[in-house]
1. Among the residues of the stretch 4-49, which ones are of a type in the set (S, T, N, Q), crowded, with 23+ Cβ neighbours inside 10 Å and closer than 14 Å to T90 by Cα?
2. For the condition closer than 23 Å to E291 by Cα, touching a residue at least 40 places away in the same chain (Cβ under 8 Å) and of a type in the set (K, R), what is the one hit in K214, K208, K203?
3. Kindly check whether there is at least one residue in the stretch 70-87 that is closer than 30 Å to Q269 by Cα, in contact with a strand residue (DSSP E or B) (Cβ under 7 Å, 6 or more places away or on another chain) and not in a helix (DSSP H, G or I).
4. Within the stretch 117-159, which residues are among the charged types (D, E, K, R), over 30 Å from Y260 (Cα atoms) and in a helix (DSSP H, G or I)?
5. When residues of the stretch 280-306 are filtered for being at pLDDT 95 or above and surrounded by fewer than 13 Cβ atoms within 10 Å (Cβ to Cβ), how many remain?
6. I'd like the residue in the stretch 127-144 that is in contact (Cβ under 8 Å) with a residue 60 or more places away in the chain and surrounded by 22 or more Cβ atoms within 10 Å (Cβ to Cβ) and, out of all such residues, is nearest to F238 (Cα to Cα).
7. If G324 satisfies all but one of (1) in a helix (DSSP H, G or I); (2) modelled with pLDDT of 95 or more; (3) in contact with a Lys or Arg (Cβ under 6 Å, 6 or more places away or on another chain), what's the number of the condition it fails?
8. Any idea which residue in the stretch 220-236 is surrounded by the fewest Cβ atoms within 10 Å (Cβ to Cβ), counting only those that are of a type in the set (A, V, I, L, M) and in contact with a Pro (Cβ under 9 Å, 6 or more places away or on another chain)?
Amino acid sequence: MALQLRKLDEQVLVITGATSGIGLTTARMAAEGGAKLVLAARSADALDQLASELRLKGTQVATVAADVGSASDVERIGQAAMQRFGRIDTWINNAGVSIFGRNEDISLEDMQRLFQTNYWGVVHGSLEAVKHMKTRGGGAIVNLGSELSDHSIPLQGIYAASKHAVKAFTDSLRMELEKDNAPISVTLVKPAGIETMFVPHAKNYMDKEPALPKPVYAPELAARSILHAAQHPRRDLFVGGAAKALSASNAAMPGLLERYLRATMFKQQQSKSSSSPTRRDALYEPNPRHELRQRQDQSKPVVESCAYTAASLHSSKLLPLLVGGAALFGAWKLARRPGGLRAAF
């Protein structure tokens, strides 16, 4: 029998990293859809403000100030959900942070801290979700990977490594749960560059301020994909045609893709602005100035809709494969001329 997940308005959702970017967008979108929410982030003040906002609209919300890198903190998230709502239907492991810089320049302490959040946060959350879901009718686990789960990139090597690790753990967990016939869906969501507070949150070792390579997609596209996975069992979901194209390119022609990335990504990940010596990031603690913001810069050009993402969510299994094939062909054509792969997606 196929796994049946609850409709959104019948669900209790746990969302980590809920006070910024994709997590914040997902929380607000889920609230609009009628879900009950358990929101977790490091800033208690930001959580309180968000909960007040959502409660005014009639949403039932519980909050937990927690660092997902701590197993005991994540256990408190699960306990809060059970005490307030008696079950967990979907657990969304969204919290994450990046570091920009050459691998040889980044301190091991910073690398380990990034893995504590990006990788161990997913491990802690997934295992806590399984513990509660296995005995209470199942549910969905949605882990946030990245387009960099399938290939790497210069200047964000440690971030890409953490997202590779997230993919490996997620795939392994899925197979183990399927072997047990556990009624739990496990989805890896792999966004392309998303216009969030990703850049301001990232620690920077470069002389220039970091930048995301174009195209950059709206956080609402990622939130819709996450909430789709909460209601429909899926193995993985790409957000943005660029993410699918680059993944397909890596599978079909990894050497060519690496040459393209080597030639373009050093420049495209650095803005024209010098990095300030007083620049703050969110690697070790939240920055209050960056909380409760879905996007970094409302004036930036952002891809607000994506044909590939829409097809992957709402069409038959065949159409996304066809669109993905078209993306791969387009990637191959673009790789052979100036302008590069990302321009058309």
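1. Matches in the stretch 4-49: Q11, T16, T26.
2. K203
3. no
4. Result: E128, K131.
5. 3
6. L144
7. Answer for G324: the failing condition is (2).
8. L221
The values are calculated or read from the model by the stated rules, or taken from the named source; none is laboratory data. Everything quoted here is computed from the prediction, not taken from an experiment. Note that each Cβ is placed from the backbone with ideal geometry, even for glycine, and that neighbours are counted across all protein chains shown.
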